[in-house]
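Here is the structure we will look at.
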Amino acid sequence: MFSRCKRSVFFLMVVLLCSACSPASAPSEPVLIPAPVIALPAPIIPEPAAPAAPSPVATPSNIDMRGWWERPEVLAGLGLTAAEGAALTPELHKLERNYQVAQRQLRTIRRTQLQMLRDPKVPSADIRRFHVRNLQSLLTTMLDQNIAARLWVREHLKAEQLARIRDLSPQFFAARWFRAARIAEPAEPQSK
């Protein structure tokens, strides 16, 4: 078996050396080289550990953080009260809504850009211009809403609340906070 492995390694070395000397143009179809099957020893599976005692509150590091300011179980996991979450809700909801509006617009722009890419009559320069004028600004808007939400929370919570959140959920500021936009814009309530 060892000599077979040596031959396989030698063959692979020859192929690699030949590919280094090959012309710059790549073949139109990929070249598949059969590789020898090498048997590996079975992995050692450790004994299962005793189950840990369930914690009374789910830790925010292992749950979905989207819309956390409106979810009592997440607020409790962060060491915040429902009243503290309610105080954060109006501003975070506004920032989330701005994010979702930009996300919906981005979906529409991407569909348009895809149609442009599929049409051979549309010049590449037009597609690049369309991308710069539309996609980049919407992506920037979405990123701006994300950072604005995090800064707003950071500025409006007390130092001890932030310390408690950092202890309970080290990834709090890195987690995804905003829910994805629905496909269709919800209808605005009509005033009477």
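General remarks:
- Residue in region 98-109 that is under 19 Å from the mean Cα position of the chain (by Cα), under 22 Å from Thr81 (Cα atoms) and outside any loop (DSSP other than H, G, I, E, B) present: no
- For Gln115: the one exception among (1) modelled with pLDDT of 90 or more; (2) within 17 Å of Met65 (Cβ to Cβ); (3) among the polar types (S, T, N, Q): (2)
- Region 56-74 residues that are within 21 Å of Glu91 (Cα to Cα) and modelled with pLDDT of 90 or more, paired with ones that are of a type in the set (S, T, N, Q) and part of a helix (DSSP H, G or I) (beta carbon under 7 Å, 6 or more apart): Trp69/Thr89; Glu70/Thr89
- Number of residues in region 130-170 that are farther than 21 Å from Val101 by Cβ and either in contact with a strand residue (DSSP E or B) (Cβ under 9 Å, 6 or more places away or on another chain) or charged (D, E, K, R) (or both) equals 7.
- Which listed residue is loosely packed, with under 14 Cβ neighbours inside 10 Å, of a type outside the set (Val, Ile, Thr) and assigned to a helix (DSSP H, G or I), from Pro170, Pro90: Pro90
- Residues of region 71-87 satisfying the condition of being under 22 Å from the mean Cα position of the chain (by Cα) and in a helix (DSSP H, G or I): Val74
- Complete set of residues in region 110-159 that are acidic (Asp, Glu) and assigned to a helix (DSSP H, G or I): Asp126, Asp144, Glu155
- Of the candidates Leu151, Leu95, the single residue that is surrounded by 11 or more Cβ atoms within 10 Å (Cβ to Cβ), touching a helix residue (DSSP H, G or I) at 6+ places or on another chain (Cβ under 9 Å) and either within 23 Å of Arg66 (Cβ to Cβ) or not polar (S, T, N, Q) (or both) is Leu95.
- Counted residues, region 121-162 - those being in contact (Cβ under 8 Å) with a residue 12 or more places away in the chain and within 17 Å of Arg111 (Cα to Cα): 7
- For Asp64, the conditions (1) within 19 Å of the chain's Cα centre (by Cα); (2) surrounded by 14 or more Cβ atoms within 10 Å (Cβ to Cβ) are fulfilled apart from (2).
The values are calculated or read from the model by the stated rules, or taken from the named source; none is laboratory data. Everything numeric in this text was worked out from a predicted model, so none of it was measured. Here Cβ is always computed from backbone atoms with ideal geometry, including for glycine, and neighbour counts include all displayed protein chains.
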